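Encoded as structure tokens, the structure appears first; notes follow it.
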Amino acid sequence: MWYMISSQDIESSLEKRKTVRDQHIARLKLLADEGRLMIAGPHPAIDSNEPGEAGFTGSLVVAEFNTLKEAQTWADADPYIAAGVYKNVIVKPLKRVLP
């Protein structure tokens, strides 16, 4: 089943993001390599794909897991959590309808 993982950053998270971004991306690439990643990306703090020092306000991941518990466990192990980037993370099942 697909699961939505929506994370909200702390204020001024950019420097903390930079410290573990490579680890964060490596986990997403593994999901992609396994064919389990539908979409992933950050939410820019301003209306721009390249927000510069404005940074980001959170992230969205939609990926396939066997259970909600498995999705939650994966989300809880995100390097951004350990680095203090995220102030909260919501994991919910997602029924894919389109496309």
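Only the coordinates and a few stated rules stand behind these numbers; no lab work does. Just so it is clear, the structure is predicted and the values come from calculations on it, not from any experiment. Reconstructed Cβ throughout: ideal geometry from the backbone, glycine too, with neighbour counts over all protein chains shown.
Can you find a residue in the range 76-85 that is under 12 Å from residue 5 (Cα atoms), free of Cβ contacts under 8 Å to residues at least 12 places away in the same chain and either aliphatic (A, V, I, L, M) or surrounded by fewer than 17 Cβ atoms within 10 Å (Cβ to Cβ) (or both)? Steps first, please.
Taking the range 76-85 first, the residues under 12 Å from residue 5 (Cα atoms) are 76, 78.
Narrowing the set further to residues that are free of Cβ contacts under 8 Å to residues at least 12 places away in the same chain leaves none.
No, the range 76-85 has no match at all.
Return the pair list, or none, for Cβ contacts closer than 9 Å from residues in the range 46-71 that are over 27 Å from residue 33 (Cα atoms) to residues that are assigned to a strand (DSSP E or B), at least 6 apart or on different chains.
Partner pairs satisfying both residue conditions: 51/42; 51/44; 54/44; 55/9; 55/42; 55/44.
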